Structure formats: C-alpha cells, structure tokens
Amino acid sequence: MNTNFYEQVYEIVRLIPKGRVTSYGAIAKSLGAAKSSRMVGHAMSYAGTAHPVVPAHRVVNSSGLLTGKFHFSPPELMEELLAKEGVKVKDDKVLNFRQIFWNPMEEITE
DNA sequence: ACATTGACGCTGG
DNA sequence: CCCAGCGCCAATG
C-alpha cells in the first residue's frame, strides 16, 4: 500500500505544522475528493494503525470542532495535545480556528 | 448483495 | 445562531 487515498491523507496530516489545524474537507479537497470528506474521517480511524505518527488531533471539522476527540485513548488527549501546541480549545472547539487554520493545498500545489 | 453507520460538508429555513 | 435534510463513499454485519 502506498499512494492510496488514506496514505495521502496521513501524509498531509503529518505535514501539519505545530500549533496549526486543518479540516477534513480541506484535506479531501486537496486530494481532489472534496465530496469524500467522510473518507478522510475514516482514514483517521486507520491513523491509529498507520505508521510513524499521525497527529489526528490537528484535524478537526470545518467548524473547528473536535468531533473525533472520543476516538483518542482518553478523549481529552486531543485538547491536551492541542493546548500543548498552543492551540486553545474551548467547549471542544478550536479558538481562532480561522487564524490557525493550515491550508494543505498550499503545501501540495501539485 | 443489502442495509446501517460514520473523526464530514453544504444549503435552506 | 440552531436545526433539518441531502449528498458522498467506504467499512462492517
């Protein structure tokens, strides 16, 4: 397995700089599957089994809400990691989401 | 093969 | 701003 849709998602997620976050739809769009945003979420489920590390905590929904925080070992781990990186989380949602939002398209530019 | 579910996104009211 | 409906695709039973 190499250049699969999931692998591409992992690649992008691993490229997310510290203190920044992105959304599933943005990743899906950069892969040319804007309508398959759900698949990005599914890929995240596989992220736990994926190789090195996939900072899935840096991936949130289009509203900056930590929808998948319950998928972490401790659900609060997501906020913990984000807070550690400088990302403020309030009520399961990222603050200044629009400001810390990281656009994968700017890194891919294929 | 069919039905159900899901870490989503967008539009409309 | 909140809620409801629809679309889209893959994994699972």
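Computed over protein heavy atoms with a 1.4 angstrom probe, the accessible surface ordering of A:Val89, A:Val53, largest first, is A:Val53, A:Val89. Rounded to two decimals, the Cα radius of gyration of region A:5-97 over 2.2 N^0.38 Å is 0.98. Ranking A:Met44, A:Met78, A:Met39 from most to least accessible surface, computed with a 1.4 Å probe over the protein chains only, gives A:Met39, A:Met44, A:Met78. In terms of accessible area, using a 1.4 Å probe and ignoring ligands and nucleic acids, A:Tyr6, A:Tyr46 rank largest first as A:Tyr46, A:Tyr6.
For region A:1-93, trypsin sites (Lys or Arg not before Pro) are listed when DSSP marks them as loop and at most 13 other Cβ atoms sit within 10 Å of their Cβ; the list is A:Lys18, A:Lys88. Stretched out straight at 0.36 nm per residue, the stretch from A:Val53 to A:Arg38 would grow longer than its current Cα-Cα span by 3.3 nm.
In a fully extended conformation the segment linking A:Leu95 and A:Asn4 would gain 29.5 nm over its present Cα-Cα distance, using 0.36 nm per residue. The H on the amide N of A:Phe101, modeled in the peptide plane, is under 5 Å from the matching H of A:Val21, each at least 5 residues off or on a different chain. Taking the Cα centre of chain A as reference, the dipole from Cβ charges on Lys and Arg (+1) and Asp and Glu (-1) amounts to some 240 debye. Once both labels are positioned 7 Å from their Cα atoms along Cα-to-Cβ, the gap between A:Tyr46 and A:Arg14 label points is 1.5 nm.
For A:Lys93, the residues whose modelled amide H falls within less than 5 Å of its own, excluding neighbours fewer than 5 places apart on the same chain, are A:Leu66. In summary, the lysines within cross-link reach of A:Lys88, defined as a Cα separation below 25 angstrom excluding same-chain residues under 8 places away, comprise A:Lys18, A:Lys69.
The values are calculated or read from the model by the stated rules, or taken from the named source; none is laboratory data. Predicted model, so just to flag it, every value in this text is computed and none were measured. Heads up, the Cβs are rebuilt from the backbone with ideal geometry, glycines too, and the neighbour counts pull from every protein chain shown. Ligands, DNA and RNA are stripped out before the accessible areas are found, and what is left, the full protein with its side chains, is counted by its heavy atoms. Shrake-Rupley method; radii C 1.70, N 1.55, O 1.52, S 1.80 Å.
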